[in-house]
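Data first, discussion second: the structure below is written as structure tokens.
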Amino acid sequence: MAKIISNRTIIFEQPPLILGGAAVAGDKESKGPLGKLFNQIFTDDSLDTDSYEKAEMEFQRAALRKAAEKSQVPIAELNMIFAGDLLNQCAASAYAISGFDIPYLGQYGACSTMAQALLLAAITCDSGAAKTAACITSSHFCTAERQYRMPIVYGGQRTPTSQWTVTGAGCCIIGAADADNFGEISLTHNEQPIQKKPKHPFAVKIASGIFGKILDYGIADAANMGAAMAPAAADTFLTFFKNTNTTPADYDTIYTGDLGETGSKLLYELMTDDGFDISKNHQDCGLLIFDKTEQDVHSGGSGAGCSSAVLGAYILPRLQSGGERNILFMATGALMSPTVVLQGENIPCVAHLLNIVAE
């Protein structure tokens, strides 16, 4: 069972599994550095529907189907689905999941939603409340711009600190520690015990995690989310390192999503002030998914679908292939709404983190 060792940090004594993951993406994302790694590409971001919101729903469904296929867990056998997006009332998720006849728990943490969903699903499976669960998040450039910024046809000027909302979705299938039948014994003809081959040979484990707390450092510029989120990221990292008695050097890679270039630089400064240097093994999902120079995305990518798409397309395959063994995956969220931003309020932010290992 999971236990809290100190100050919101959770250690799993029998770590839940990520049985499989998948990512789907739009046309611009397919032309970025990870383009060949996505499980499915949609060159028409509208998917021939009559609204971009309906297209985003289809992105979620596609990611779920691909993840279920890769994990060998039929969708009908899922006990729960944790899903979220950037639309008001998580509309894309609710409509996308409505036809699957599976218990649904809507998630909202802005760009931190995937890490939040993964931690909650892991706790749920670890507790015995579920055997398997899916975590899905998505975003869409056109739906986000319409909701958060300006009508696209206005051609509003983008500032250097702004980030480009990813059109894509990612999904992971989470299972209880025994979902893979690891450790199950069968007998040969001469009664010698042997290890049965696991059903999911590429499963990786969620060893620990930490839920972030909301921080507000006075940033009110919705076009500078990296600066708003960096303090929350630093707080979560520092708390986790202290509680686990680890340092950045103990991990192969430290992934964040999505601080972008601006937020990553600020994170380095904040961490250095407290004696930690993460610059040597840090990667940001918002900088991995796009070529910042060639694709004109300014400070990088963002959106609830950014970190989940990078996780499904790039990070999990690296763990499954042995390219990495021990990583930190953090997703950061700027918890703003269009109304509150127009009222001039600051942007509260949060950052959740997981330690994912391959054995």
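The values are calculated or read from the model by the stated rules, or taken from the named source; none is laboratory data. In this text the structure is predicted, and so the values were computed from the model without any measurement. Using ideal geometry, Cβ is built from the backbone for each residue, glycine included, and neighbour counts are taken over all protein chains shown.
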Might you check whether a residue that is at pLDDT 95 or above and touching a Leu at 6+ places or on another chain (Cβ under 6 Å) occurs anywhere in segment 18-38? yes
Can you list residue pairs whose Cβ atoms sit under 9 Å apart, with the first residue in segment 44-55 being part of a helix (DSSP H, G or I) and the second being of a type in the set (Val, Ile, Thr) and surrounded by fewer than 16 Cβ atoms within 10 Å (Cβ to Cβ)? Count only pairs 6 or more apart in sequence or on different chains. Ala55/Thr49
State whether the residues of segment 170-189 include one that is at pLDDT 95 or above and in a helix (DSSP H, G or I). no
What's the number of the only condition in (1) within 19 Å of Ala62 (Cβ to Cβ); (2) surrounded by fewer than 24 Cβ atoms within 10 Å (Cβ to Cβ) that Ala313 fails to meet? (2)
Step by step: first the residues of segment 247-273, then only those that are in contact with a helix residue (DSSP H, G or I) (Cβ under 8 Å, 6 or more places away or on another chain) and in a loop (DSSP other than H, G, I, E, B), then the one that is modelled with the lowest pLDDT. Which residue is that? Asp258
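Are any residues in segment 110-142 in a loop (DSSP other than H, G, I, E, B) and buried (at least 23 other Cβ atoms within 10 Å of the Cβ), and if so, which ones? Give the derivation first.
Keep residues of segment 110-142 that are in a loop (DSSP other than H, G, I, E, B), which gives 128-131, 140.
Of everything in segment 110-142, just one residue is in a loop (DSSP other than H, G, I, E, B) and buried (at least 23 other Cβ atoms within 10 Å of the Cβ), namely His140.
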Would you check if there is a residue in segment 74-83 being crowded, with 24+ Cβ neighbours inside 10 Å, under 18 Å from Cys306 (Cβ atoms) and not hydroxyl-bearing (Ser, Thr, Tyr)? yes
Residue check, Val73 against (1) among the aliphatic types (A, V, I, L, M); (2) touching a helix residue (DSSP H, G or I) at 6+ places or on another chain (Cβ under 7 Å); (3) assigned to a loop (DSSP other than H, G, I, E, B), all met but one. Which one? (2)
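Table: residues versus (1) closer than 23 Å to Arg8 by Cβ; (2) crowded, with 24+ Cβ neighbours inside 10 Å; (3) in contact (Cβ under 8 Å) with a residue 24 or more places away in the chain; (4) of a type in the set (S, T, N, Q).
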| residue | (1), (2), (3), (4) |
| --- | --- |
| Gly323 | no, no, no, no |
| Phe329 | yes, yes, yes, no |
| Gly344 | no, no, yes, no |
| Ala351 | yes, yes, yes, no |
| Glu359 | no, no, yes, no |
In segment 267-287, is there at least one residue being touching a residue at least 40 places away in the same chain (Cβ under 8 Å), surrounded by fewer than 24 Cβ atoms within 10 Å (Cβ to Cβ) and under 15 Å from the mean Cα position of the chain (by Cα)? no
A careful count of residues in segment 303-321 that are over 18 Å from Lys36 (Cα atoms) and free of Cβ contacts under 8 Å to residues at least 12 places away in the same chain gives 0
Could you check, for segment 84-91, whether at least one of its residues is assigned by TED's automatic domain parsing to the domain that holds Ala122, part of a helix (DSSP H, G or I) and buried (at least 21 other Cβ atoms within 10 Å of the Cβ)? yes
Of everything in segment 199-231, what is modelled with pLDDT under 95 and polar (S, T, N, Q)? Give them in sequence order. Asn224
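Looking at segment 22-44, can you tell me whether even one residue there is of a type in the set (D, E, K, R), more than 19 Å from the chain's Cα centre (by Cα) and closer than 29 Å to Val357 by Cα? If you could, list the steps in order and put the result at the bottom.
Taking segment 22-44 first, the residues of a type in the set (D, E, K, R) are 27-29, 31, 36, 44.
From what is left, the residues that are more than 19 Å from the chain's Cα centre (by Cα) are 27-28, 31, 36, 44.
Remaining after also requiring closer than 29 Å to Val357 by Cα: 36.
Among the residues of segment 22-44, at least one is of a type in the set (D, E, K, R), more than 19 Å from the chain's Cα centre (by Cα) and closer than 29 Å to Val357 by Cα, which makes the answer yes.
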